[in-house]
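*Asks:* Dumping the structure here so I can ask a few things about it.
Computed from the coordinates by the stated procedures, all read-outs in this text should not be read as laboratory data. This is a predicted model, so every value here is computed, not measured. Note that we place each Cβ from the backbone using ideal geometry, even for glycine, and neighbour counts take in every protein chain shown.
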Amino acid sequence: MATFGSFSLLIALALAAYNLCAGALALWLMATRRPVRVAPERLAETARRAGIAGFLAISAAAFALIWAAFTNDFSIVYIAEHSNRALPVYYKFAALWSGQEGSLLLWGWLLAIFSFILRLRHKTDVKLYAYAGTILAGIQVFFLAVLNFAVRPFALTPGPLPDDGNGLNALLQYPEMVIHPPMLYLGYVGFSVPFAFALAALIMRYPGEKWIRITRTWTLVTWMFLTIGVFLGMHWAYAVLGWGGYWAWDPVENASFMPWLTGTAFLHSVMMQEKKGLMKSWNVWLIFSTFLLTLLGTMLTRAGLVSSVHAFAKSSIGNWFATFMVIVFVVCLTVYIKRRDHLKSDRRIESLVSRESSFMFNNLVLLTACFVILWGTLFPMFTEAINGSKVTVGAPFYNNVAVPIGLFLLFLAGVGPLLPWRATSLRAVRRNFVAPCIALWLTVIVAYLLGANPWKGGSFSSGALYALVALGLGAAVIVAVVSEFARGARAVARQTGSNLVVSTWTLMRRNSRRYGGYIVHLGVVLVFVGLAGAAFNQTAESELALHQKMQIGPYTLECTGFTQDSNENFQSEYAMLNVWKNGAVQFQMMPEKRVYLASEQPQTMVAIHSVPGWDLYVVYEGANPDTNQPIIKAFLNPLVSWIWIGLIVMVLGVLFALVPSKKAAQIAATEVQG
């Protein structure tokens with residue numbers, strides 16, 4: 001299987017190289033119209049077919065690695081290091097992306113799948129798709145070169161074969177590990193497609209905004225996958241690492257968050273180009289930057305350049321990625337300089353108080369956040385290169401900057417829908433903003449009375465103040481978005497005579513993209529509400545003898561014992577706790593600590609009880625060796641479940657936005673027929 005996999009990767013590289021060279025030559029011949037024996041169109045078709053064949057070759061390599069994991073083929077170093085005989089089946093499948101070599105193979109495989117889909121649709125716009133396909137082939141050549149010469153997934157184990165493998169990293173043996181990396185990679189790799197189309201459209205001076213419309217669905221789906229991947233990573237950290245939090249501004253967390261920020265900015269600003277012909281250069285550089293940030297994120301994780309629980313061991317592939325990123329940037333800059341006259345906008349923003357300006361501010365704030373995070377992430381690398389010592393940047397640095405930026409973004413999420421295009425009258429401002437302002441102050445007052453007091457306990461808490469502002473702004477945004485639905489639904493009801501529920505649905509179907517976006521904004525508000533709860537977290541830790549109790553918030557935890565268990569994969573010990581509330585036992589919790597047999601690595605399995613108001617989060621930290629009594633650490637984390645609910649709402653909003661809008665005339669005709 002190792003020989004088959006290695007040969008498949010080599011064939012895939014040869015096919016991708018032919019796709020790139022033949023495709024580029026064909027496009028050059030078409031542009032220069034030089035007389036040649038072979039028609040450029042025929043040469044371009046052979047390049048397209050080589051790309052399709054390359055997809056089959058790299059798919060065969062991915063299948064070979066998965067098959068090797070399922071059959072315990074420890075003759076392959078990668079399988080010996082990341083799998084073992086007792087590993088559950090679903091984790092054997094996840095072995096494909098659990099190590100450096102496999103995760104890069106997944107990157108290349110997903111890119112091949114996306115390129116294959118586009119090549120099947122080449123007749124939509126033959127020349128534009130040919131340019132985009134050639135650019136994707138160039139990206140594919142890079143990743144296949146890395147897989148063939150730098151990190152080889154099918155390298156053979158030297159010496160005698162081991163009887164068993166080292167097993168999957170203990171931290172990765174959690175169900176979300178099966179879906180979190182693929183989702184993140186679908187987001188990372190997916191941005192290659194709009195990048196390729198943007199660069200292709202610029203090279204060929206493609207008229208209008210058609211390239212944006214072609215890639216709109218792709219960009220939305222890609223953004224959705226990246227969003228899911230980021231939030232699943234948060235939940236994985238929350239449930240596995242046992243520290244009571246979900247975001248630590250870890251360098252690898254930052255690496256996934258930065259392209260999300262620029263991708264979000266791109267999704268907003270392309271609306272300006274489609275509707276008003278504005279921000280053309282801005283949009284091109286947003287998608288260029290997003291693609292470069294996906295490469296940077298991949299490099300940081302896989303080259304071991306940063307210290308992180310997510311990062312792999314130090315590797316030489318950092319030089320490969322750095323070189324490729326320089327090449328990509330130089331190509332993008334050169335093409336932009338030569339074609340910048342094609343991106344001139346005929347219009348300008350007419351007023352600072354308009355929807356156009358809200359989009360511009362939104363973009364500036366998102367990019368500011370991205371720059372701050374990028375600086376904080378790369379700063380340790382700069383200091384090590386200059387001074388020889390690595391100076392790390394902690395969470396306080398990010399929080400001091402990111403929290404105010406996040407609150408301003410939340411404010412813009414509410415203001416944007418209330419502002420009309422071009423300019424806003426003072427009368428419209430008063431009419432649209434009264435209800436959101438009332439909701440803001442009512443929420444602040446109620447939250448303050450319920451205990452969200454920044455000056456509670458005689459000392460000032462900036463975190464509590466930010467949380468109070470976030471709750472108030474969140475309420476204002478919800479009222480602003482709901483008022484948009486209500487205003488439109490009433491107009492439809494007057495036209496059709498339908499009730500408000502039917503009218504709301506009709507309204508949403510007339511412009512699914514717009515109202516799907518509003519639903520996404522509601523999801524973002526719920527996420528901010530969940531994040532605001534972190535300012536009021538509580539923690540307690542105690543060593544508990546049998547039937548001894550500890551208190552946290554409204555709960556009393558009683559130790560009823562602790563025991564041990566084992567299976568083929570791991571040994572475990574866990575504490576058994578009764579949880580009391582209002583004088584009665586409400587439920588039981590059993591936090592656990594495991595040691596995996598193959599790797600001898602420990603893992604914490606947190607016990608979490610979630611209700612809408614808070615999470616009771618309990619960690620078993622092991623037994624005291626002197627007293628043999630369990631040590632329990634408990635957290636009461638308010639509003640955390642709203643983060644995950646917010647993700648679900650965001651995904652539903654994206655899915656609704658992907659539904660084609662039903663024209664008003666079609667709806668009216670259907671209603672008449674009914």
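*Asks:* May I ask you to derive the FRET efficiency for SER389 and SER75 from their Cβ-Cβ distance with R0 = 51 Å, giving the value to the nearest 0.05?
*Replies:* Numbers: r = 42 Å, r/R0 = 0.83.
Step by step, r from the Cβ atoms, then E = 0.75.
*Asks:* Another question, then. What shape does the chain have by the C-alpha gyration tensor, where a ≥ b ≥ c are the square roots of the eigenvalues, rounded means a/c under 1.5, and otherwise prolate means a/b greater than b/c and oblate the rest?
*Replies:* oblate
*Asks:* Separate question: Could you give the length gained by full extension between PHE382 and ARG494, i.e. 0.36 nm per residue of separation minus their alpha carbon distance, to one decimal place?
*Replies:* Extra length from PHE382 to ARG494 when fully extended: 34.1 nm.
*Asks:* Let me ask something else about it. What is the dipole size for the chain, taken about its Cα centre, with +1 at each Lys and Arg Cβ and -1 at each Asp and Glu Cβ, in debye to the nearest 20?
*Replies:* In debye, rounded to 20, the chain gives about 4120.
*Asks:* Right, here's the next one. Please compute the modelled spin-label separation between LEU333 and ARG205, points set 7 Å along Cα→Cβ, answer in nm with one decimal.
*Replies:* For the pair ARG205/LEU333, the computed spacing is 2.5 nm.
*Asks:* Dividing the Cα radius of gyration by the Kirkwood radius, what Rg/Rh value follows for the stretch 562-609?
*Replies:* Reported Rg/Rh (Cα atoms, Kirkwood Rh): 1.13.
*Asks:* On to the next question. Cut-off under 17 Å on the C-alpha distance; same-chain residues fewer than 8 positions from LYS210 excluded. Which lysines are left, in chain and number order?
*Replies:* Filter leaves LYS123, LYS127, LYS275, LYS276, LYS280, LYS344.
*Asks:* Still on this model: If one computes the Cα centroid of the stretch 578-642 and of the stretch 530-552, what distance in Å separates the two points?
*Replies:* 10
*Asks:* Arrange TRP236, TRP107 by Cβ neighbour counts within 10 Å, fewest through most, would you?
*Replies:* The fewest-first ordering by Cβ neighbours comes to TRP236, TRP107.
*Asks:* Quote the convex hull volume per residue of the stretch 491-547, based on C-alpha atoms, as a whole number of Å³.
*Replies:* Once divided by residue count, the hull of the stretch 491-547 is 167 Å³.
*Asks:* What residue among VAL492, PRO436, ILE478 has its Cα farthest toward the positive end of the dipole of the stretch 435-521, where the charges are +1 on Lys, Arg and -1 on Asp, Glu, each on the Cβ?
*Replies:* Towards the positive end, the residue furthest out is VAL492.
*Asks:* Can you find, among MET272, ILE179, VAL328, the residue farthest towards the positive end of the dipole of the chain? Put +1 on the C-beta of Lys and Arg, -1 on that of Asp and Glu.
*Replies:* Going by the Cα projections, it comes out as MET272.
*Asks:* Mind grabbing the base-10 log of I(q)/I(0) for the stretch 20-82 at q = 0.16 Å⁻¹? Debye formula, identical points on the C-alpha positions, no solvent, two decimal places.
*Replies:* One equal scatterer on each Cα of the stretch 20-82 leads to -0.61.
*Asks:* Could you list log10 I(q)/I(0) for the stretch 212-253 at q = 0.15, 0.21, 0.30, 0.32 Å⁻¹, which the Debye formula gives when each Cα is one point scatterer?
*Replies:* Once normalised to I(0) and log-transformed, intensities are -0.47, -0.67, -0.97, -1.04.
*Asks:* Leaving out same-chain residues fewer than 8 places away, which lysines sit with a Cα under 25 Å from that of LYS593?
*Replies:* Result set, ordered by chain and number: LYS92, LYS549, LYS633.
*Asks:* For labels at SER459 and TRP28 in the simple 7 Å Cα→Cβ model, what's the distance in nm?
*Replies:* 6.8
*Asks:* Counting Lys and Arg as +1 and Asp and Glu as -1, what is the net charge of the other residues whose Cβ lies under 14 Å from the Cβ of GLY583?
*Replies:* For residues surrounding GLY583, the net value is +1.
*Asks:* Report the one residue of SER103, VAL146, TRP223 whose Cα lies farthest in the direction of the positive end of the charge dipole of the chain (charges on C-beta: Lys and Arg +1, Asp and Glu -1; origin at the Cα centre).
*Replies:* TRP223
*Asks:* In whole angstrom, note down how far apart the Cα centers of the stretch 101-171 and the stretch 10-70 are.
*Replies:* Cα centroid to Cα centroid, the span is 14 Å.
*Asks:* With only Lys, Arg, Asp and Glu charged, each at its Cβ (+1 for the first two, -1 for the last two), find how big the charge dipole of the stretch 12-142 is about the Cα centre; round to the nearest 20 debye. Could the numbers behind the result be given before it?
*Replies:* Working: 12 positive and 6 negative charges, 137 e Å.
The calculation lands at about 660 debye.
*Asks:* Report the charge-dipole magnitude of the stretch 559-650 in Debye, nearest 20, computed about the Cα centre from +1 at each Lys and Arg Cβ and -1 at each Asp and Glu Cβ.
*Replies:* Dipole of the stretch 559-650, to the nearest 20 debye: 340 debye.
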